[in-house]
1. Between ILE64, ILE108, ILE102, which is in contact (Cβ under 8 Å) with a residue 40 or more places away in the chain and closer than 19 Å to ALA28 by Cα?
2. For residues in the stretch 58-79 being of a type in the set (Val, Ile, Thr) and surrounded by fewer than 18 Cβ atoms within 10 Å (Cβ to Cβ), which is modelled with the highest pLDDT?
3. Kindly indicate whether TYR114 is in a helix (DSSP H, G or I), under 13 Å from the mean Cα position of the chain (by Cα) and modelled with pLDDT of 95 or more.
4. Is the stretch 46-57 home to any residue that is open to solvent by 80 Å² or more (accessible area, probe 1.4 Å), under 12 Å from the mean Cα position of the chain (by Cα) and among the acidic types (Asp, Glu)?
5. Look at GLU88 and say whether it is charged (D, E, K, R), surrounded by 17 or more Cβ atoms within 10 Å (Cβ to Cβ), over 13 Å from the mean Cα position of the chain (by Cα) and assigned to a helix (DSSP H, G or I).
6. Can you tell me which residues in the stretch 22-36 are part of a helix (DSSP H, G or I) and surrounded by fewer than 19 Cβ atoms within 10 Å (Cβ to Cβ)?
Amino acid sequence: STASDFVGLLFLARDIAHIFHLSSHSYAEHMALNEFYDQIVDIADDFCECYQGYYNTLLAPPLINNDQKGNIIDILDGQMKWIEANREAIVPRTNTALHNIIDEGVSIYSKTLYKLRFLH
């Protein structure tokens, strides 16, 4: 399901951010990515638990391969665009509680992208 793919994408984002975090030569980038990977796992967990409780079904998030190339900004930006393009398929728009969690995730992406682009 697209909901499972969403959770899998957030787990992938965490892993990629952690790898870039460990190899960064920039303290600002290092710290921004640390915040991102700490926070994005909480969003994945909250979404998964709320989805499962609401729909009375278990999600099976897949292990997703990173198909996006480029630097961390390109990767996170591409993931955020995927989330925005697929949010209606992740859950119906009428499920505002789950869309609020998706919005929180997009906010974390946006804030991190701001820090990576403008704070050196």
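1. Matching residue, one of ILE64, ILE108, ILE102: ILE108.
2. In this case the residue turns out to be ILE73.
3. Working: in a helix (DSSP H, G or I): yes; under 13 Å from the mean Cα position of the chain (by Cα): no; modelled with pLDDT of 95 or more: yes.
No, not satisfied.
4. no
5. It is false that GLU88 is charged (D, E, K, R), surrounded by 17 or more Cβ atoms within 10 Å (Cβ to Cβ), over 13 Å from the mean Cα position of the chain (by Cα) and assigned to a helix (DSSP H, G or I).
6. LEU22, SER23, TYR27, ALA28, HIS30, MET31, ASN34, GLU35
The values are calculated or read from the model by the stated rules, or taken from the named source; none is laboratory data. Just so we're clear, the structure is a prediction, and the values are computed from it rather than from any experiment. Heads up, the Cβs are rebuilt from the backbone with ideal geometry, glycines too, and the neighbour counts pull from every protein chain shown. With ligands, DNA and RNA removed, areas are computed over all heavy atoms of the protein, side chains included. Shrake-Rupley method; radii C 1.70, N 1.55, O 1.52, S 1.80 Å.
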